[in-house]
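Peer 1: My questions all concern the structure below.
The values are calculated or read from the model by the stated rules, or taken from the named source; none is laboratory data. A quick note: this is a predicted structure, and the numbers were derived from the prediction, not measured. Every residue, glycine among them, receives a Cβ derived from its backbone with ideal geometry; neighbour counts consider all protein chains shown.
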Amino acid sequence: MGKTLDNITPELAAWIRKQHLFFVATAPLAADGHVNCSPKGLDSLRILGPDRVAYLDLTGSGAETIAHVRENGRIVFMFCAFAGAPRIVRLHGSAEVVKPGSPGWTDLRAQFPEMAGERAIIVATITRVGDSCGYAVPKMDFVEDRDTLTRWAETKGDDGLNDYRRLKNGVSIDRIVALDDWEE
């Protein structure tokens, strides 16, 4: 049923680019910490090479992924085929957080469209690619991307987003540092 690939093949990269939704999962080191799984959409993912991906992280209600990546780097991306042939792909690896103004930000940021509320770019080196059947994933029709998050960020403006991040994104739900030590 499932197979493991050495890297992201050109065929797989083309399939991943067609997906409208992906999930990012991370976990803290503490055994009693909370595992986090976040859905991601919009035009926020880039395949940088056969073993490297990145996504533009937008301001949200929490910063679990950033906190976990900063603590231990572990990450997995999951893609499901909701249309066409059934398929699930998982990209396991180690990640780093690239924040605005840090080395590499400008080159990475240029790969994404403008989106209000950008907070960081998560860059992952992929060490395992799993490709499996997805026979139980339902078929669903894509209607359109939601613009709610980006409209919310636009109404907040830069100062409002900075205030929101200080208030809501400083630490994870397990009290792991996410954004509270970042310079604005």
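Peer 1: Are any of the residues in region 131-147 under 18 Å from the mean Cα position of the chain (by Cα), over 21 Å from Ile75 (Cβ atoms) and surrounded by 11 or more Cβ atoms within 10 Å (Cβ to Cβ)?
Peer 2: yes
Peer 1: Can you find even one residue in region 73-96 that is over 18 Å from the mean Cα position of the chain (by Cα) and free of Cβ contacts under 8 Å to residues at least 12 places away in the same chain?
Peer 2: Yes, region 73-96 has at least one match.
Peer 1: Could you pull out the residue among Asp158, Asp180, Asp107, Asp147 that is free of Cβ contacts under 8 Å to residues at least 40 places away in the same chain and touching a Lys or Arg at 6+ places or on another chain (Cβ under 8 Å)?
Peer 2: None of the others qualify; the one that does is Asp180.
Peer 1: Something else now. Among the residues of region 80-93, count how many are assigned to a strand (DSSP E or B) and among the small types (Gly, Ala, Ser).
Peer 2: 1
Peer 1: Residues Trp152, Trp105, Trp182: which one is modelled with pLDDT under 95 and either exposed (fewer than 15 other Cβ atoms within 10 Å of the Cβ) or on the phi < 0 side of the Ramachandran plot (or both)?
Peer 2: The unique qualifying residue is Trp182.
Peer 1: I've got another one for you. If only one of Arg74, Arg87, Arg17 is under 17 Å from Val177 (Cβ atoms), touching a strand residue (DSSP E or B) at 6+ places or on another chain (Cβ under 8 Å) and either of a type in the set (Lys, Arg) or surrounded by fewer than 17 Cβ atoms within 10 Å (Cβ to Cβ) (or both), which one is it?
Peer 2: Arg74
Peer 1: While we're here: Pick out the one residue from Glu114, Glu96 that is farther than 25 Å from Ser172 by Cα and either assigned to a loop (DSSP other than H, G, I, E, B) or not β-branched (Val, Ile, Thr) (or both).
Peer 2: On inspection, the qualifying residue turns out to be Glu114.
Peer 1: Would you mind finding the one in Ser102, Ser61, Ser94 that is polar (S, T, N, Q) and touching a helix residue (DSSP H, G or I) at 6+ places or on another chain (Cβ under 7 Å)?
Peer 2: After applying the criteria, what remains is Ser61.
Peer 1: Next up: Just one of the numbered conditions (1) under 19 Å from Leu5 (Cβ atoms); (2) among the aliphatic types (A, V, I, L, M); (3) not in a loop (DSSP other than H, G, I, E, B) is not true of Ile121; which one?
Peer 2: Among (1) under 19 Å from Leu5 (Cβ atoms); (2) among the aliphatic types (A, V, I, L, M); (3) not in a loop (DSSP other than H, G, I, E, B), the lone unmet condition for Ile121 is (1).
Peer 1: When the residues of region 20-58 are filtered to those that are of a type in the set (D, E, K, R) and closer than 26 Å to Pro100 by Cβ, which remaining residue is surrounded by the most Cβ atoms within 10 Å (Cβ to Cβ)?
Peer 2: So, considering only residues that are of a type in the set (D, E, K, R) and closer than 26 Å to Pro100 by Cβ, the one surrounded by the most Cβ atoms within 10 Å (Cβ to Cβ) is Asp57.
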